[in-house]
């Protein structure tokens, strides 16, 4: 579908897939679990109880369920940090590389 015919929220190069799954985030020597809210070809939106600094480089790992499915592994950079109420953060990540 041509970009001009898409709904406003979908005028982007990659369509967002709404998902709700755990994701392992590695930042420096620390590893923690966050929740993936949506995923596209260029980015990922996480909900986390940890705040990360803009520009931080992270490694992402998402397990996939089912036979013959490979996990999703990627390098990403934090490009958005929003505080949630009462606690937690929404982290927008830009995918830099997807690993085999």
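For region 45-71, how many residues are part of a strand (DSSP E or B) and under 16 Å from residue 28 (Cα atoms)? I'd like the intermediate steps shown before the answer.
Just the residues of region 45-71 that are part of a strand (DSSP E or B), to begin with: 45-48, 57-62.
Those still in the list that are under 16 Å from residue 28 (Cα atoms) too: 57-61.
Matching residues across region 45-71 total 5.
Scanning region 54-97 for residues that are on the phi > 0 side of the Ramachandran plot and over 15 Å from the mean Cα position of the chain (by Cα) turns up 66, 68, 88.
For region 16-26, the criterion of being farther than 17 Å from residue 97 by Cα, more than 12 Å from the chain's Cα centre (by Cα) and either modelled with pLDDT of 95 or more or exposed (fewer than 15 other Cβ atoms within 10 Å of the Cβ) (or both) is met by none of the residues.
What number of residues within region 77-86 are within 15 Å of residue 35 (Cβ to Cβ) and in a strand (DSSP E or B)?
Residues of region 77-86 that are within 15 Å of residue 35 (Cβ to Cβ), as a first pass: 82, 84.
Next cut, in a strand (DSSP E or B) only: 82.
Residues flagged as within 15 Å of residue 35 (Cβ to Cβ) and in a strand (DSSP E or B) within region 77-86 amount to 1.
Put simply, of 74, 97 the only residue that is modelled with pLDDT of 95 or more, part of a strand (DSSP E or B), exposed (fewer than 12 other Cβ atoms within 10 Å of the Cβ) and in contact with a strand residue (DSSP E or B) (Cβ under 7 Å, 6 or more places away or on another chain) is 97.
The values are calculated or read from the model by the stated rules, or taken from the named source; none is laboratory data. Since this is a predicted model, take the numbers as computed values, not measurements. Quick reminder, even Gly has a Cβ in these numbers, built from the backbone with ideal geometry, and neighbours come from all protein chains shown.
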